[in-house]
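The values are calculated or read from the model by the stated rules, or taken from the named source; none is laboratory data. Just so you know, these numbers come straight off a predicted model, no measurement behind them. As a convention, Cβ positions derive from the backbone with ideal geometry for all residues, glycine included, and neighbour counts pool all protein chains shown.
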């Protein structure tokens, strides 16, 4: 009861602060390279160092110096050159919307993030948030709260067993619920703090701080489309589930837009630079996204990316998405999308393949075979070349 | 996310005591004669030492881990002679080599865990391994890729060592006493170790020794010696005397 009242107050506090830029706390002054202190923190860092050592040689890391340097530069532009020196950035090929930062300064940026932010400013909002966790040393605090929570539970379990009765068991259940509830709420409060720090960095940077709220608005739109395609009802973006580790999207979008410096609205968001840098990577990241089997979400992302203009890669990804779902109506659409990709880039071998396979299944085998032949001509050494050849008429296959 | 696992471990720790478990196996037909001048490549041992909180959480301790690493290394060096063959540390790897090594370390961990889970101890059995268990066949492999590991060309066998220790904190021990009064079993501390020998030409797992309740305090010199002796006592071709069971 007390906790929900406190939460209510917090939310009220955020809404009351509307239009008052003074509510944004400035980042604390930078104190130089931090070294861990105390048994717990030194221990956590050692574990983290070990895990970074493994990450550095992991096959999941996208090893592209240019892209990694670019992401690092966006982080530096956001939090300042001195602060960002303590960070190593790794881009992890993982098609979900996430980035993490661990105690020793390892930043993992998931490739799925790049499909969901559309400018340097939006990327900066996410990176700044993660850096906020790092600067406030949230992992350590989290570990300590978790330890005290589980300590209490262990003692309660033992004491309840000493005097086992119906009532004491009920007491145990109550304690259990309040400890778990506390741990989740604590996590959400940390996220709010990181959000406030992230937006404070952004306010001080050269980038447009209004982008932070935009990130969450886009995520809500994606989640909504994804739910609709799966026949689920519209998600409620303001309700806090018991086990929610983060504040609800709606709340975040709200307070981030309130905390963004109004004068910053005229600043550059770096959308063009971002698009140019990411252009060669979008097809690969989209390929991973399409495989997630989230039709609505993927369709939303492709269309969002296409707002800056349809490219061959985007048409191709859309074709793949439809062909993978594979209803007859999807295949007809997919053929259309592949054809558009080929219109823009006639040498795109995989688009010819997709076009051919889609046409073969929708009653146009002769056109399909032509497309498949074009695929083989463009990519004679393809791994599936022999299989594709089996679909071609004998006289075309040669000796 | 992390703490869901921990919550599970709390409830498990309060209800079920872990039985002391040790087992080792050698691939049928494999014999490593002492003084046969074989070269054994030792991959960087994975060592984690920490405390166990009252609730059963692993609390990493950097100082203990560093001590344990140094101690175990010294003990390995000392036992090298008794192993009957030459043990050399694997060279530092870079670039693609490092990635390949990382993949194989992870693969070894996964395969050993499977052996431990599905063949060594009663309970879980993989349907494909049921017959092997009855006829005492030990047939596991990491694949021929091990031949490409850095340093593998000049060696015959690869040795992997894993250690994880969590020493019961004072809080945990007090809890244990109170729990015993209530008739509940709470374990304090966790000492898991396993070591394995792999044929660097074929990738076959030749020998594996796993112990879910190891002795020896790795934070101390003597303890580490005892630990390494326990890990390697069944090592093919070794003449390390068996530790007296306590």
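Observations, loosely collected:
- The one condition in (1) buried (at least 17 other Cβ atoms within 10 Å of the Cβ); (2) more than 8 Å from chain A (Cβ to nearest Cβ); (3) assigned to a helix (DSSP H, G or I) that residue B:51 fails to fulfil: (3)
- With respect to the stated conditions, residue A:291 fails to be outside the structural domain of residue A:388 (by TED's automatic domain parsing), touching a residue at least 40 places away in the same chain (Cβ under 8 Å) and closer than 23 Å to residue A:93 by Cβ.
- Only one of A:94, A:65 that is closer than 28 Å to residue A:205 by Cβ, more than 20 Å from the chain's Cα centre (by Cα) and modelled with pLDDT of 90 or more: A:65
- Unmet criterion (only one of (1) on the phi > 0 side of the Ramachandran plot; (2) surrounded by fewer than 19 Cβ atoms within 10 Å (Cβ to Cβ)) for residue B:84: (2)
- Residue that is farthest from the other protein chains (Cβ to nearest Cβ), among those in the range A:150-160 that are surrounded by fewer than 22 Cβ atoms within 10 Å (Cβ to Cβ) and over 16 Å from residue B:177 (Cβ atoms): A:156
- Pick from the range B:54-81, criterion facing chain A (nearest Cβ under 7 Å) and in contact (Cβ under 8 Å) with a residue 12 or more places away in the chain, ranking: surrounded by the fewest Cβ atoms within 10 Å (Cβ to Cβ): B:59
- Annotation: of all residues in the range A:161-196 being at the interface with chain B (Cβ under 10 Å from one of its Cβ atoms) and within 17 Å of residue A:139 (Cβ to Cβ), the one that is surrounded by the most Cβ atoms within 10 Å (Cβ to Cβ) is A:187.
- Selection status of residue A:134, more than 14 Å from chain B (Cβ to nearest Cβ), touching a strand residue (DSSP E or B) at 6+ places or on another chain (Cβ under 8 Å) and without any contact (Cβ under 8 Å) to a residue 40 or more places away in the chain: no
- Number of the exception - residue A:105 against (1) closer than 30 Å to residue A:306 by Cβ; (2) buried (at least 17 other Cβ atoms within 10 Å of the Cβ); (3) away from every other protein chain (no Cβ under 14 Å): (1)
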